[in-house]
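So the structure is just underneath, and the comments pick up after that.
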Amino acid sequence: MMNEYAILYLEINIFSLVLIGIILLKTRGLSQMVAQSNFAMSIIAEMVFFVSDTLFVLVNEGVLPGGKPVMMACKEVYFLATAAMCFFWFIYFEYLRETRFVKRRRYVLYSTSILWLMVIALLANLFNHSLFYIDESGVYRRGPFFILTYILSYSYVLIAFIRVMINLKRDTEATNKDLLIRLAFFPLFPGISGVLQFIYPRLPIACATISITTLYLYLTWVDQLISLDPLTGLNNRKQLTHTFNNLSKSHEDQDKIRLYLIDVNHFKQINDTYGHLQGDNALKIIAEALKAACKGANRGTVIARYGGDEFVILVSENNNDETIDLKERIKEKLKEFSKKKSVPFELTVSVGSACSDNGDSLKDLILKADKAMYMEKKKYH
């Protein structure tokens, strides 16, 4: 008859497996996206982790037959799946933040070195039992270098956490900061559960904690989809409105919210002459230029695609000189990125700005900035 511990372990792990299985099915439609394919791979690694963990406990508790060979195989797969899971989390975080790391294939290949070290260590363990083994009595024992199984796997999580924290310190865009804070908190829960399971091996919390944190990651991703413009990766109008309302509530009387309205010059002509694919490319270049121009701006800065070929930047400020500086930075960065991308047309923008007065709504600010922007557009023409 199955003992109570085995029943509890089986129930928890089945629940965890079903939960992440549902998440995997929900992400299948977007698995062609590189970031989400890594997320899907992390879930598959988790499923292998859960199954191997459950089988080991059932064999160890005498519920299923198998003995030493099956138990050793389960643990070998368990630790390999742990490393693979952490690796794919790490890569997923890098893709979410669109870092230079994932744009250079050799860096991604270099990052697999820790995973390969785990493979080598696990293969060697079959002969030298340095990590773990099953003794003559059929009892699972830890080897002298067992700690390596944790160090190698969780080094990915630690590196991801450090890189996110560095990114968080440097990034001034409010929505980016929100995502980074969520990502920074994610490794804490698997890390804590891992330490507890290291100290108390029979404590059945690892699978449940990992499945719940995977759900947390999934919900973060869904939130990103809802709030981001799919073409440029900037905030959409809904997120802009939400952020403006939050800024309005949190600002002190002496602080002002300045809104910049950016409109592409001759955008229809670009579409008509060079096609809509080049038009989309132009919008992506402008989005990159806006992000680059806003680096180092006041914290709480928000960049959004308002619609069509119009973009909006919200920034807290006290100094009108910053208005001139940001306008010039936008135009300089756009010129730089256009040259770098070798676009076959002139890509310029007109920028209008307006500062909030007490009681101004987002619509009021946009109307003010729109008037200023068209004054500049007339000068351009």
| Of the residues Ser16, Ser37, Ser52, which single one is out of contact with any Lys or Arg (no Cβ under 6 Å at 6 or more places or on another chain), touching a residue at least 60 places away in the same chain (Cβ under 8 Å) and assigned to a helix (DSSP H, G or I)? | Ser16
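Within the range 349-366, which residues are surrounded by 13 or more Cβ atoms within 10 Å (Cβ to Cβ) and in a loop (DSSP other than H, G, I, E, B)? First the steps, then the outcome.
Keep residues of the range 349-366 that are surrounded by 13 or more Cβ atoms within 10 Å (Cβ to Cβ), which gives 349-356, 360-362, 364-366.
Ser356, Asp360, Ser361 - these are the residues of the range 349-366 that are surrounded by 13 or more Cβ atoms within 10 Å (Cβ to Cβ) and in a loop (DSSP other than H, G, I, E, B).
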| said: Kindly evaluate Ser155 against the criterion of being at pLDDT 90 or above, surrounded by 14 or more Cβ atoms within 10 Å (Cβ to Cβ), under 28 Å from the mean Cα position of the chain (by Cα) and of a type outside the set (Phe, Trp, Tyr). | reply: yes
| Can you tell me which residues in the range 37-65 are surrounded by fewer than 18 Cβ atoms within 10 Å (Cβ to Cβ) and of a type outside the set (A, V, I, L, M)? | Ser37, Glu61, Gly62, Pro65
| said: Criterion first (part of a loop (DSSP other than H, G, I, E, B) and closer than 30 Å to Asp364 by Cβ) does Leu240 satisfy it? | reply: no
| query | Across the range 97-120, which residue is surrounded by the most Cβ atoms within 10 Å (Cβ to Cβ) among those that are part of a helix (DSSP H, G or I), of a type in the set (D, E, K, R) and at pLDDT below 85? | reply | Lys103
| Residue check for Val77: in contact with a Pro (Cβ under 8 Å, 6 or more places away or on another chain), without any contact (Cβ under 8 Å) to a residue 60 or more places away in the chain and either over 30 Å from Phe127 (Cα atoms) or surrounded by 18 or more Cβ atoms within 10 Å (Cβ to Cβ) (or both) | no
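Whether any residue in the range 164-185 is assigned by TED's automatic domain parsing to the domain that holds Phe88, of a type in the set (A, V, I, L, M, F, W, C), at pLDDT 85 or above and over 17 Å from Ala83 (Cβ atoms) is what I want to check. Before you say what the answer is, go through the steps one by one.
Applying the first criterion (assigned by TED's automatic domain parsing to the domain that holds Phe88) to the range 164-185 yields 164-185.
Now drop any that are not of a type in the set (A, V, I, L, M, F, W, C), which leaves 164-166, 168, 174, 179-181, 183-185.
Now narrow it down to the ones that are at pLDDT 85 or above: none.
Scanning the range 164-185, I find no residue that is assigned by TED's automatic domain parsing to the domain that holds Phe88, of a type in the set (A, V, I, L, M, F, W, C), at pLDDT 85 or above and over 17 Å from Ala83 (Cβ atoms), so the answer is no.
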| said: Quick check on my filter: what residues within the range 116-134 are without any contact (Cβ under 8 Å) to a residue 40 or more places away in the chain and of a type in the set (A, V, I, L, M)? | reply: Leu117, Met118, Val119, Ile120, Ala121, Leu123, Ala124
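The values are calculated or read from the model by the stated rules, or taken from the named source; none is laboratory data. Keep in mind that this is a model prediction, so the values were computed, not measured. FYI the Cβ positions are ideal-geometry reconstructions off the backbone, even for glycines, and counts take in every protein chain you see.
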